[in-house]
Amino acid sequence: MAPVLGAAKEAHLHNTSTPDNKKLNIVCVGAHPGDPEFGCGGTMAKYSAAGHSVTFIYLTRGEAYTSSQTYAESAAIRTKEAETACKILNVKPMFAGQIDGSTVLDKDKSDAMTKLIMAEKPDIVFTQWPVDSHPDHQVTGTLALTAWVKSGRQFHLYFYEVNTGTETMAFTPTDYVDITDVRDKKIGAMFAHKSQDPDGTYNGFFKPLEDFRGLQAGVKAAEGFIYFKPKAEQAVIVGL
């Protein structure tokens, strides 16, 4: 099965349709409520609209986003925001049970995340790029990568970016998705996260990023991804 976005050796623009109209199981893993929506909500909206099954797994409930509330109060607010965003995108929310700002990367947590991901029988998993200034993002990306390894590389693995320039680092996309026609839906999902200053966050970080990736891909707005090559392709260099 070829990945929907394409395993490109160069950066290419891809759509979210499959030649045989196979319905896919897509899992998108994010550290906090809002990360999947802001990072690749447009692509997830396209998958959902095409009839594919999409699940968001949030590593935490965003408990530590403010010191003016208890963790329980913050978690309740951000969980509700995530559920609202998921309804807009027509995706299923799940929560992995770790704590914002105190995420753990060890064998037990790795086994738990692998079990959670594989229970969804994923064809493709999207996760955060682990080369990131935020420790929770690092843990999220590494947990999904470990699940891919533990599963015997049973699914295709893509990394997405958030706040490139201030958080995500050294991110050079291999693939792009044109999100021009679903940009408004993505914005709706992002702005469901009212506690996260969506206007400032979107206009300050994500709109410029969507415009820039669109410029690279030759469209109005795009999201960029890094495709993690299967083992059989990792030793291949063009021309050799």
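Throughout, read-outs are computed from the coordinates displayed, never taken from laboratory work. Keep in mind the model is a prediction, meaning the values are calculated, not measured. Positions of Cβ are backbone-derived with ideal geometry, glycine not excepted, and every protein chain shown enters the neighbour counts.
Worth a mention:
- Highest-MSF residue in the chain out of ALA147, ALA64, ALA82 [GNM, Cα springs under 10 Å]: ALA64
- Over all projection directions, the Cα-based convex hull of the range 160-240 averages an area of 7.0 nm².
- Gaussian network model of the chain, Cα within-10 Å springs - most flexible of ALA45, ALA192, ALA170: ALA170
- Summed residue charge, Cβ within 12 Å of ALA82's Cβ, Lys/Arg positive, Asp/Glu negative: +2
- Expected-Rg normalisation [2.2 N^0.38 Å, Cα atoms] applied to the range 93-240: 1.12
- Unit charges at the beta carbon, dipole of the chain: most positive-side option, THR142, GLN196, ILE26: ILE26
- For the range 72-144 versus the range 179-240, the gap between their alpha-carbon centres in whole angstrom: 18
- Summing +1 for each Lys or Arg and -1 for each Asp or Glu among the other residues whose beta-carbon sits under 10 angstrom from that of HIS52 gives +2.
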